[in-house]
Amino acid sequence: MASHILSLIVLTPAIGALLLAFVDRKNVSVIRQGALMISCVTLALGILMAGSFEGSTLGYQMVETHSWIPGLGIGYHLGIDGISILLVLLTCFTMPMVFLSTWKAVGTRVKEFNICLLLMQTGMLGAFVALDIILFYLYYEAMLIPMYLIIGIWGGKRRIYAALKFFIYTMVGSLLMFLAILYLWQHTGTFDLPLMLERLRTSTPLDPQAQFWLFGAFTLSFAIKVPLFPLHTWLPDAHVEAPTAGSVVLAGVLLKIGTYGLIRFAVPLFPLAALEFQPLLCWLSLIGIIFGALMALVQDDIKKLIAYSSVSHLGFVVLAIFVFDASAITGGVLQMVNHGLSTGMLFLLIGVIYERRHTRELSDYGGIARVVPVYATFFIIATLSSIGLPGLNGFVGEFLILAGTFKVDPLYGTVAATGVILGALYMLKLVRLFLFGPIIHDENRVIPDLDAREWTYLLPFVLLMIWIGLYPKPFIEMVQPSIEHYLQLFAY
Amino acid sequence: MELLISPTEIEAILPAGILFLTGLVLLLVDLGGKERADSGMNPKNHLVFIGCAGSVLALMALVTGGGSVVTSLYAGAMSDDAFGRFAGALVTLALLLTTLGAGGYLSSIGQNRGEFYSLLFFGAGAMVLLCQATNLVSIFVAIETLSLSVFVLAGYTTDRRPSSEGAFKYFVLGAFSSGFLLLGMAFLYGVSGGSLALSDIAANGPQVADDILFAVGVLLMVIGFAFKVGAVPFHSWIPDVYQGAPVIAVGWMAVAVKVASFAALLRLLVAAGGGETLSRLIAAIAVVTMLLGNLAALNQTNIKRMLAYSGIAHTGYLLIPLVLGLTGTGFESGSSMLFYLAAYSVTTFAAFAVIATLSRGQDRESIDDLNGLASKHPMIAVVMTLAMLSLAGIPLTAGFVGKLMIFRDAVEGGYIYLALIGIISSVISVYYYLRPVVAMYFREATGDQHEVEHPWGLHLALALAGGAILLLGIDPQALVEFSVESMRSLLGG
């Protein structure tokens, strides 16, 4: 069936950005409402798409194929399956909240800011649904520039350094991946992902040596994006310097493109090398889990603390991918979404308090739960979701990952479980120092609590967290068939 | 030999003829001496209009004429094929853009004289001829004519010392490289049985391929061209000349000289071959050129110098198709060179034209002069950003498709190490290509440097170049096909 829903979802934000370009820059409220509306339309389209998604179907759905640059063998090929659908929905869901949160926080160059965010959204959505490997690469690179501008223009004091670091780190990885893509094209004669997989399995298998190098190039690129220990050093800088909206998008969605890339490209294209690299990558993600948690434990800047917690949480996802167990990978995909929700919300909350007090140092707070009880409630819910408390979304993903990991190797499971305990430790420490205890600073006695706009963009996060936490069945059902199909690759 | 000129010969030489004639007309139109005193500050729109009309006519003659491959015109001095017309059209397009931008820019530095335009057009005519030349003498004459025009353009602002210094350096080194070229030609002439035509050299090539004189002859000619395109170690003139010359002329030189020289070099190597040894040598030059160009650009604070080194680096990328062609897999990879030249042309022109918009009295060429440009002139900043991203090879720009084609050919031809080094040097280049972007978007303007009334011509040229960068990045299919066909016409004919 010829359906254009995916193209529509991907291109709506870009078209919106184009329209916004013609609005007078002084007309700030029109720009803000326009951007919000565009992202809401995208969300509506996303929900519509999810409604017609058939969880039991294997393979890609809502596929679109057109020729694009036939002279170079590049096609326009989109499709969605259980692995990508949740990430598309997560992106569609996060963006309206982000736009709403910037209404007060971003006062300079509002027009450019909204255009950048919309272009980001197109880049991220495109990367999740592209099935032509060059098309994926285009989107993958294209979202780099708006993010670079968001950090560099609207960021903090060391924004230029952070923006450059972010850009160069990512470019190093992606250009090596580009070379690997060219090699693959030469080997298989196509850029089309399903066709390439087919040919690699049947007519033109790669020898282990080539797989080793190509997997290395792909994985390096995605590991930088995730970021996997020890390639994570750009992340704390980028997070601390980025404006709130930038952090939310970065942690909420952008990092998942790394883990998604591992599942979608690196592992299926080079299964032998993936098995060979398995111990290394598992240990790196375990080190990342522990290291991220320990680093988070000693941070004084709240944003940096959350940034390191991301390193730890995404370590779980990478671990899940490389233990090659159905429930672990299902948990990994869910964990991507859960991390997007909980960390996205935490960054939004930090933005809320930063707007009022203009500091992110933990030592400048303490005891504010009494002053802003509603805020504190939201913060604690987000924290508990991040820790993985049963009944909230974080638990489902983490449990599936740990269960799967223990099945494969108890040692991995033990180390990972230690990471969960450390996670509870640093998050609860954050809550204690930030919200409870005596009020040391008098400025903190007069902080206003959440207003209606802030309620509007925080409440959906909480509702989703509870929904996934109490009734994850529809989500798991969307993911699981695709995962089992995916694991047949390794029927060795 | 009959001294009759056939219609096909007229058709072949028509574009170059139009350009030379326009050059003459421009010179004559500006002869009226009564406004000499203030003529420098006058935008002289009539010269720009005449120039644009001339280049559009020449472009039409290039695009509409030809069709079939006709060799041995003018007793073998030139041929008429899609390849020559493609490269010639690139030169003429660059000429059109340069002419558009020149009026406003030259009046802003107070040096708006008719000579500038006629020099541009004489040089362009010679370049178009060079793209079509198929015999050693016509190649040499075309190169000398274009070099003379470019030497003078480099030293056009006579009251500035760096400009004269650059022009002098360029002249001396250029004369030196002509010596190499001529000596190489002499060797080839001797070895290939006393013929100047490339077709005879191609025919005799296989028999004399082992002759050391033949190899040395080809090598010397390659060296001569290496000077013109700025390949390491024959690149040392480029940064000084680029820094000294008026920026709009730099844009012209950087684009057109490179296009015409690469076209002639490709034609020469297709005919002469050169085998494994030459291919290895060019591969080494390409590697060093890519790395050195990009590394040297890292620390430049003068944007013209930075772009000069970046131009050297791009010469390195452009040499890769030659390496592939010489190894015996055939010169099909030349099509990626043609595409890359097109992408490089619009991109480089756009970057230099942006610098031209900043000039007031003299070139503002420090990267700091771009500070805060984005808030004063967002559209100019967008074009500059596009140009930088395209030079760095970021997707959705022309430069990405060009790099994709060249590296793809390299991987396909088994030269993974060339592609790898190309990619590593692209990573390096990202760092310095971002610096203007940082300056424009992330820093605040420090003075009044952007309070400039921009001339319409420059704006139009910028819009065209920026549009072309995007168009070639998003929908390159037509040009890809066209460059493949052009290359086929050269190989088949």
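The values are calculated or read from the model by the stated rules, or taken from the named source; none is laboratory data. No experiment lies behind these values; they were computed from the predicted model shown. Glycine also receives a Cβ, built like all others from the backbone with ideal geometry; neighbour counts cover every protein chain displayed. For accessibility, only protein heavy atoms count, side chains too; no ligands or nucleic acids. Shrake-Rupley method; radii C 1.70, N 1.55, O 1.52, S 1.80 Å.
Against the numbered list (1) at pLDDT 85 or above; (2) within 30 Å of A:VAL23 (Cβ to Cβ); (3) more than 10 Å from chain B (Cβ to nearest Cβ); (4) out of contact with any Ser or Thr (no Cβ under 7 Å at 6 or more places or on another chain), A:GLN121 comes up short only at (4). The lone criterion from (1) away from chain B (no Cβ under 11 Å); (2) under 18 Å from B:ALA374 (Cα atoms); (3) open to solvent by 10 Å² or more (accessible area, probe 1.4 Å); (4) not charged (D, E, K, R) left unmet by A:ASN114 is number (3). The set of residues in segment A:364-383 being part of a helix (DSSP H, G or I) and in contact with a Leu (Cβ under 8 Å, 6 or more places away or on another chain) consists of A:VAL374, A:TYR375, A:ALA376, A:PHE378, A:PHE379, A:ILE380, A:ILE381, A:ALA382, A:THR383. Do the conditions hold for A:PHE167, that is, is it part of a helix (DSSP H, G or I), under 24 Å from A:VAL333 (Cα atoms) and in contact (Cβ under 8 Å) with a residue 12 or more places away in the chain? So A:PHE167 fails the test.
The set of residues in segment A:160-178 that are in contact with a Phe, Trp or Tyr (Cβ under 7 Å, 6 or more places away or on another chain) and within 7 Å of another protein chain (Cβ to nearest Cβ) comprises A:ILE160, A:PHE167, A:ILE168, A:PHE178. Working only within segment B:69-84, note down all residues that are surrounded by fewer than 24 Cβ atoms within 10 Å (Cβ to Cβ) and either part of a helix (DSSP H, G or I) or without any contact (Cβ under 8 Å) to a residue 12 or more places away in the chain (or both). B:ALA82 - this is the single residue of segment B:69-84 that is surrounded by fewer than 24 Cβ atoms within 10 Å (Cβ to Cβ) and either part of a helix (DSSP H, G or I) or without any contact (Cβ under 8 Å) to a residue 12 or more places away in the chain (or both). Taken over segment B:109-147, the criterion of being hydroxyl-bearing (Ser, Thr, Tyr) and buried (at least 24 other Cβ atoms within 10 Å of the Cβ) is satisfied by B:TYR117, B:THR134.
If I ask for residues that are touching a strand residue (DSSP E or B) at 6+ places or on another chain (Cβ under 6 Å) and open to solvent by less than 60 Å² (accessible area, probe 1.4 Å), which ones from segment B:162-197 would you list? Listed by number, the list holds a single entry, B:ALA197.
Going through (1) within 14 Å of chain B (Cβ to nearest Cβ); (2) in a helix (DSSP H, G or I); (3) under 26 Å from A:GLY59 (Cα atoms) one by one, A:TRP213 falls short only on (3). Scanning segment A:176-199 for residues that are closer than 14 Å to A:ARG264 by Cβ, open to solvent by 10 Å² or more (accessible area, probe 1.4 Å) and in a helix (DSSP H, G or I) turns up A:PRO194, A:LEU197. In segment B:269-364, counting only helices (runs of 4 or more DSSP H) that sit wholly within it, the ones holding 3 or more residues that are open to solvent by 30 Å² or more (accessible area, probe 1.4 Å) span B:275-297. It is to be established whether one or more residues within segment B:210-230 are open to solvent by 50 Å² or more (accessible area, probe 1.4 Å), at negative phi and part of a loop (DSSP other than H, G, I, E, B). Within segment B:210-230, one or more residues are open to solvent by 50 Å² or more (accessible area, probe 1.4 Å), at negative phi and part of a loop (DSSP other than H, G, I, E, B).
With respect to (1) at pLDDT below 85; (2) surrounded by 24 or more Cβ atoms within 10 Å (Cβ to Cβ), the lone exception for B:GLY244 is condition (1). Of all residues in segment B:404-423, those satisfying the criterion of being part of a helix (DSSP H, G or I), open to solvent by 10 Å² or more (accessible area, probe 1.4 Å) and either over 14 Å from A:PHE178 (Cβ atoms) or more than 8 Å from chain A (Cβ to nearest Cβ) (or both) are B:ASP409, B:GLU412, B:TYR417, B:ILE421. Of all the criteria given as (1) open to solvent by 10 Å² or more (accessible area, probe 1.4 Å); (2) away from chain A (no Cβ under 14 Å), the one not satisfied by B:HIS377 is (2).
Being in a helix (DSSP H, G or I), under 18 Å from A:GLN488 (Cβ atoms) and of a type outside the set (Phe, Trp, Tyr) is the filter here, so list the residues in segment A:309-325 that pass it. Those that are in a helix (DSSP H, G or I), under 18 Å from A:GLN488 (Cβ atoms) and of a type outside the set (Phe, Trp, Tyr): A:ALA320, A:ILE321.
Is it the case that B:VAL137 is among the β-branched types (Val, Ile, Thr), closer than 29 Å to B:ILE10 by Cα and within 24 Å of the chain's Cα centre (by Cα)? Here the answer is yes, as B:VAL137 does meet what is asked.
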